């Protein structure tokens, strides 16, 4: 099969892609950074390569067969047009397929013989050579290409005009990847002339070399010369000679002559035993002339190669005599030769050739080991040199005779520290690593002598000079402050700051200390002025940069000097007010300059009567006019004039978290954040306090919708636009010139420019709080792009309200408005879509998009008007459904069951078939009514009817459902699901008597089913109710005591006899399926009246309950039975039908539903009022909400 190959194009494409990625990486990232990363992770990368390279090799090795299989599958499925192939290509494809089939068959047979390591159970001998010879010796092997003997697995390698069958060889290598074959057997016809051993295509040397290359394995080669026949009955012994690895033609010839001599002796001996056994003597005779030619031919097989072929020996065997009864394997497999070759192959192993994965891995590992060893040698020399230089610097510092020499030696030590520090931060050179790099250890060791010497030479003189200055600063008079005193105080503040940084390294500022320390450093060393300046700059700069990371360098400050200096500086500079005081003073500075914001002021020009109402007020200070007119400037001025006292140098260091430690910028940020937090809180509280007026009729609801959707007179639109304007306080507004400059910078900017600073939020500091409202209103603006436009907007909301209002107006103007309203509502009840449902769903989405902070506003301004309009349409339909329920279900129910047991305490029984007609889960009257009339209002979940959660348009209807109606239909649904599970009324349960002291015999009869117990071993007895025979329906309980005769009670007749009997029993649940039913006089259960009625919230609760009707007074002995049900409570569920009445209505009126729902609480109090209330002597009255 011809394989489509685009290897070169693919490889060039991959190389180009990798080159492009490398160019992009190098253009975006500094080359030193890339090199540093490679040096840091070189061990990880090297380890990854050790796994990736063999993996790629294996992947590429399997790629060609996979492509062949994929192309074949594509052609079979018609996904790829077939290419015209000739006979040669088709034959090659057939050979590959036959090789796969042979390998599968061989694998199957070997696995049948041994499950684990089946491929290595016995040696594999690869038989090749002349096809006619192999066919005559091993015909079965030549036919199926493999044959399993007792000692070896024989594989046939046919050599055709096209050479070896590479597909078959690939399959062999896949079966045994570690050692494909153990030996090669080259079979020749001894009677024919030796084949050519030249380098041509037909030479056996080339064939054997290609065999080794294909298998990646060079196995020992054994020559098998076949000639003559052995007519003896005994098997022919092994006749041959094995050759040494380094033997040439002479050695091979000598071995053959030695074999000739042995064969002559053996042949003479065997002729004496059997005159027909002439093979050994004839072979000895033929070797006289054939041995030189055979030795020359064997030597010429690999003479032309760089590495000779591993010719391991030459063996001779006769042509087998065919005996069909000798063996099922064939005559050739019985030769002892195969056992000998199998044993010989275990002693003389083959070797890997070519790019074998193991060989490749070994080469890579040994190469890596060599590189690592060389790197360790070079690294050891390099690191030793650096250590010697470092020891020299330490010795010079230790042996310095005077202060000047010590300063110079300290400078040299500082350079060595800088050298090691750079290498630890930016990674040491690759050739100085290899596990012998100790830069970090050397750096840690150098810090100790440096700290000791720098304390004496650098920090101690500076500390003495600053302390002297602080003494003078503390004694300076502050009664009269002039410019000179202010200048001295400023210098003293710098000295105090330097002193505190040296005492508290965590506050150290390297840039500040580098500038200030040289002013306070002095020395008595004999240095020139230039050298002194140079040493001070370099030494003190190095010390300043590392002070923060070495807290042990701190000095011991004198607290009295610090306190006196601070008092002087505070007297000169002054103390700032607290942030709280500043904030209140900023608000007080505005006063009542700006009017308070009310609903009327924000909806000026519109009429909110009959639509929205609120009594809340927003103080004028929290308005956009106040911010832009006064508040912003007042905060900036307060921060500018009071931020200087936030310098930590002048305050107590333990109060760093207080507002006094703030800089002017930090103070400005804090004041702004607090103002905008209060700003958002006041506006959210105001908007959430809005309430929508009630619209009780359809015309009133239409009026509300018309006013809301009016583009010119809508209070909602005016209110939202006012809210949008107020939410823009503090927003950043770019001028036209700023916009043009920014665009020009983007166009002409270079890629190597510094990254731009983060741009502030264009929505301003109120973007997080007012963001949902701003987005809702902004969607209606024409300048919003199509990509950012959302389906939720104020404009679309008003459009939907207009459409809904027109629909309701059409219903209201109709002559038969009630009928049209019922039709619209009926479609809602059935779960069908309508304009009412869609508009209400959209309103709820709009309210949800506003988030929790604006939830009250969303519910009242958007959802409530649509919900009220929907309710005005639903009310007539609800009344109609109530009438339909009464006429079709309740009236029929009452006609069928009024005055009948168990619905009434009478002797007349209700009809079970009639009850089934009402309750049947599928097709019953009640189920049909609910499914056809209330599909969109309630739905069946399990065995319970619940309000439909997805009924958007019928949300008001779901809230108006009578709870008694839901409870009643759920009771009937639960009973019907168990009683009518098979279609007809039936309960199956089991009873087991409970022994009672004093009772000797009991007999319980239920519908002709008897349970007789006379104190034997208790067993469960199956029961069924009701019976199919109406004549046998009835119950009776008989018992005998030790002192009296037979007693008889609970003798009831009729279908409901069992229920009449159970209602007089005390029922106690044992588990979810087992109950104890006890009949006894009333006195026994007087203390259990509190649990005689099951919980209404859970009818399946395992609660004991007493009898509904008292047992006879003469039943002094408790007669108890264990009742085990198949499902639910079994017949005990029917007790719920006693006195059951079907509700006469489905929906309740709006006023009653509103009373059942949770009423809205008062609007939330402002934060300031809540805080003041917490401090008041008289607390606020209790409320439902949390303050």
TODO: Take the Cβ-Cβ distance between residue 1070 and residue 826 as r, set R0 to 45 Å, and report the resulting FRET efficiency rounded to the nearest 0.05.
DONE: 0.40
TODO: Assign one of three labels to the stretch 872-952, namely rounded, prolate or oblate, based on the Cα gyration tensor with a ≥ b ≥ c the square roots of its eigenvalues; rounded applies when a/c is under 1.5, prolate when it is not and a/b is larger than b/c, and oblate otherwise.
DONE: prolate
Open item on the list: Taking the number of other C-beta atoms within 10 Å as the exposure measure, put 151, 41, 682 in order starting with the fewest.
Closed with: 41, 151, 682
Open item on the list: If I model a spin label as a point 7 Å beyond the Cα along the Cα-Cβ vector, how far apart are those points for residue 534 and residue 120 in nm?
Closed with: 7.3
- [ ] Pull out the extension gain between residue 468 and residue 970, defined as 0.36 nm times the separation in residues minus the alpha carbon to alpha carbon distance; nm, one decimal.
- [x] 171.4 nm
Task: Protection proxy ranking of 816-828, 835-847 - average other beta-carbon atoms within 10 Å, highest first - done: 835-847, 816-828
Open item on the list: Against the 2.2 N^0.38 Å scaling, with N counting residues, where does the stretch 114-354 land? I'd like the Cα-based Rg ratio to two decimal places.
Closed with: 0.99
Task: Extension gain (nm, one decimal) between residue 293 and residue 150, 0.36 nm per residue minus Cα-Cα - done: 48.0 nm
Task: Per-peptide average of other Cβ atoms within 10 Å, ordering 513-522, 111-120, 715-724 highest first - done: 715-724, 513-522, 111-120
- [ ] Between residue 430 and residue 381, take the C-beta separation as r, use R0 = 22 Å, and let me know the FRET efficiency to the nearest 0.05.
- [x] 0.95
TODO: Starting from the Cα gyration tensor of the stretch 356-572, take the square roots of the eigenvalues, sort them a ≥ b ≥ c, and report rounded, prolate or oblate (rounded when a/c is under 1.5, otherwise prolate if a/b is larger than b/c, else oblate).
DONE: prolate
Open item on the list: Using the basic label-point model (7 angstrom from Cα toward the beta carbon), what is the residue 892 to residue 1014 distance in nanometres?
Closed with: 5.2
Task: Label-to-label distance, nm, for residues given as residue 796 and residue 101 (7 Å Cα→Cβ offset) - done: 6.5
TODO: For the stretch 356-572, calculate the relative contact order in percent as a whole number, restricting contacts to Cα pairs under 8 Å that are 6 or more residues apart.
DONE: 24
- [ ] Hey, for a label at residue 922 modelled as a point 7 Å past Cα toward Cβ, could you say which residues of the stretch 964-981 have their backbone N under 19 Å away?
- [x] 973-981
Task: Two-site FRET efficiency, residue 258 against residue 135, from Cβ-Cβ distance with R₀ of 35 Å, rounded to 0.05 - done: 0.65
Task: Residues listed by number, the stretch 594-615, amide nitrogen under 17 Å from residue 721 label point at 7 Å toward C-beta - done: 599-608
Open item on the list: Could you give the length gained by full extension between residue 491 and residue 552, i.e. 0.36 nm per residue of separation minus their alpha carbon distance, to one decimal place?
Closed with: 19.2 nm
Open item on the list: Using Cα-Cα distances under 8 Å and only pairs 6 or more residues apart, what relative contact order does the stretch 114-354 have, in percent?
Closed with: 26
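Every read-out reported here was derived from the displayed coordinates using simple, explicitly stated rules and does not represent laboratory data. A quick note: this is a predicted structure, and the numbers were derived from the prediction, not measured. Ideal geometry is used to build each Cβ from the backbone, glycine not excepted, and the neighbour counts take in all protein chains shown.
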